[in-house]
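Engineer: Can you keep this structure in mind? I'll have questions shortly.
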Ligand SMILES: NC(=O)c1ccc[n+]([C@@H]2O[C@H](COP(=O)([O-])OP(=O)(O)OC[C@H]3O[C@@H](n4cnc5c(N)ncnc54)[C@H](OP(=O)(O)O)[C@@H]3O)[C@@H](O)[C@H]2O)c1
């Protein structure tokens with residue numbers, strides 16, 4: 001089986017790295033297409049096949065990952081003229097499965113990935129269309145799980161997923177940046193503060209996923225009475241950190257909904 005990636009920007013590039021990292025495909029089984037020759041040249045260094053001709057990429061592949069900007073999706077689909085022999089896996093935010101079906105005659109699966117594809121730590125969700133097969137779904141689910149962790153959702157939750165895990169890496173990066181700067185303010189060097197902050201976030205995420213305990217219980221285990229952490233938590237509660245993050249997710253989900261209109 002061969003796969004193509006159409007659009008090699010931030011996500012398409014990261015996705016290509018993730019596909020290789022997951023080890024499901026050899027470099028010569030992946031063909032990447034973009035209109036930008038420089039991006040194609042750079043990604044070619046990973047040993048994947050490259051082209052600036054989207055049609056060539058599609059002809060040489062069985063499954064196509066679409067990673068162009070949402071407003072470019074229509075033009076690309078019109079250009080590709082896909083048939084049912086091809087599996088189209090759209091990675092575009094705010095582009096519904098119905099819309100994809102109107103513009104492409106292929107078997108379709110819609111995925112909301114995130115930028116952590118490249119390190120095979122991606123949180124993603126996917127939704128299926130009427131015309132894809134069980135094998136298509138199995139293929140995509142396995143692949144996404146090898147690049148991190150995926151869940152299946154109904155189409156109507158894709159905007160919420162976009163706001164949460166699609167956009168989420170940026171929120172977490174901001175949190176890490178704030179932790180880093182706080183460490184610096186207290187005298188830790190910038191690089192050491194960044195290492196501590198990033199590893200703390202990675203460790204906390206892994207802890208939640210592996211412990212099976214509620215977040216409240218886990219927080220209790222860090223906050224000993226009259227200890228240090230509880231003082232920090234009190235500040236975050238007063239400053240409404242949770243509310244701010246919830247607003248950010250809602251706002252991004254709303255934008256995704258707007259895009260789909
Ligand atoms: N970035 C993320 O974290 C993220 C997360 C989840 C989903 N997504 C989705 O992934 C898609 C890509 O996002 P992105 O952030 O990677 O955008 P991006 O960096 O702009 O990448 C899009 C790439 O597609 C190229 N392109 C434009 N027209 C093309 C065409 N006709 N044929 C082939 N390539 C073409 C662009 O080249 P030019 O720059 O020269 O136009 C660019 O290299 C979007 O639909 C987005 O919703 C992104």
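Engineer: Looking at (1) crowded, with 18+ Cβ neighbours inside 10 Å; (2) more than 14 Å from the chain's Cα centre (by Cα); (3) near the ligand (Cβ under 9 Å from one of its atoms), which is the one condition that is false for residue 86?
Structural biologist: Exception for residue 86: condition (3).
Engineer: While we're on this one: Looking at segment 61-75 only, could you name the residues that are in a loop (DSSP other than H, G, I, E, B) and more than 15 Å from the ligand (Cβ to nearest atom)? Lay out the reasoning, then the answer.
Structural biologist: From segment 61-75, those in a loop (DSSP other than H, G, I, E, B) are 61-62, 67-69; that's our starting set.
Matches in segment 61-75: 62 only.
Engineer: While we're on this one: Quick test for you: out of 184, 237, 190, pick the one residue that is modelled with pLDDT of 95 or more, surrounded by 10 or more Cβ atoms within 10 Å (Cβ to Cβ) and out of contact with any helix residue (DSSP H, G or I) (no Cβ under 8 Å at 6 or more places or on another chain).
Structural biologist: Working: 184 fails: out of contact with any helix residue (DSSP H, G or I) (no Cβ under 8 Å at 6 or more places or on another chain); 190 fails: out of contact with any helix residue (DSSP H, G or I) (no Cβ under 8 Å at 6 or more places or on another chain).
Within the list 184, 237, 190, the selection yields 237.
Engineer: Can you confirm whether segment 125-139 contains a residue that is more than 26 Å from residue 244 (Cα to Cα) and within 16 Å of the ligand (Cβ to nearest atom)? Working first, answer last.
Structural biologist: Step one: filter segment 125-139 for residues more than 26 Å from residue 244 (Cα to Cα), giving 126-139.
Keeping just the survivors that are within 16 Å of the ligand (Cβ to nearest atom) gives 126-127.
Yes, because at least one residue in segment 125-139 is more than 26 Å from residue 244 (Cα to Cα) and within 16 Å of the ligand (Cβ to nearest atom).
Engineer: Select from segment 22-53 the residues that are within 11 Å of the ligand (Cβ to nearest atom) and either within 14 Å of residue 118 (Cβ to Cβ) or at pLDDT below 95 (or both) and list them in ascending order. Outline the logic, then answer.
Structural biologist: Looking only at segment 22-53, we keep the residues that are within 11 Å of the ligand (Cβ to nearest atom), and these are 32-40, 42-43, 51-53.
Scanning segment 22-53 gives 32, 42, 43.
Engineer: Quick check, is residue 57 in a loop (DSSP other than H, G, I, E, B), surrounded by 19 or more Cβ atoms within 10 Å (Cβ to Cβ) and at pLDDT 95 or above?
Structural biologist: Working: in a loop (DSSP other than H, G, I, E, B): no; surrounded by 19 or more Cβ atoms within 10 Å (Cβ to Cβ): yes; at pLDDT 95 or above: yes.
It is false that residue 57 is in a loop (DSSP other than H, G, I, E, B), surrounded by 19 or more Cβ atoms within 10 Å (Cβ to Cβ) and at pLDDT 95 or above.
Engineer: Here's a follow-up. Here is a check on your reading of the model: is residue 63 surrounded by 19 or more Cβ atoms within 10 Å (Cβ to Cβ), under 15 Å from residue 34 (Cα atoms) and either in contact with a strand residue (DSSP E or B) (Cβ under 7 Å, 6 or more places away or on another chain) or in the same structural domain as residue 36 (by TED's automatic domain parsing) (or both)?
Structural biologist: Numbers: surrounded by 19 or more Cβ atoms within 10 Å (Cβ to Cβ): yes; under 15 Å from residue 34 (Cα atoms): no; either in contact with a strand residue (DSSP E or B) (Cβ under 7 Å, 6 or more places away or on another chain) or in the same structural domain as residue 36 (by TED's automatic domain parsing) (or both): yes.
Judged against the criteria, residue 63 is not a match.
Engineer: Take residue 168 and tell me if it is within 16 Å of the ligand (Cβ to nearest atom), surrounded by fewer than 22 Cβ atoms within 10 Å (Cβ to Cβ), farther than 21 Å from residue 61 by Cβ and modelled with pLDDT under 95. Before the answer, list the steps.
Structural biologist: On the way: within 16 Å of the ligand (Cβ to nearest atom): yes; surrounded by fewer than 22 Cβ atoms within 10 Å (Cβ to Cβ): yes; farther than 21 Å from residue 61 by Cβ: yes; modelled with pLDDT under 95: no.
So residue 168 fails the test.
Engineer: Here's a follow-up. Of all residues being at pLDDT below 95 and farther than 11 Å from residue 89 by Cα in segment 120-132, which is surrounded by the fewest Cβ atoms within 10 Å (Cβ to Cβ)? Just the residue, please.
Structural biologist: Within segment 120-132, the match that is surrounded by the fewest Cβ atoms within 10 Å (Cβ to Cβ) is 130.
Engineer: I'd like the full set of residues that are within 11 Å of the ligand (Cβ to nearest atom) and crowded, with 21+ Cβ neighbours inside 10 Å, limited to segment 1-13. Break it down into steps so the answer makes sense when it comes.
Structural biologist: As a first pass, look at segment 1-13 and keep what is within 11 Å of the ligand (Cβ to nearest atom): 4-13.
If the condition is that a residue be within 11 Å of the ligand (Cβ to nearest atom) and crowded, with 21+ Cβ neighbours inside 10 Å, then 4, 5, 6, 7, 8, 11, 12, 13 are the ones that fit.
Engineer: Given (1) without any contact (Cβ under 8 Å) to a residue 40 or more places away in the chain; (2) surrounded by fewer than 15 Cβ atoms within 10 Å (Cβ to Cβ), where does residue 198 come up short, assuming only one miss?
Structural biologist: (2)
The values are calculated or read from the model by the stated rules, or taken from the named source; none is laboratory data. None of these values were measured; they are calculated from a predicted model. Here Cβ is always computed from backbone atoms with ideal geometry, including for glycine, and neighbour counts include all displayed protein chains.
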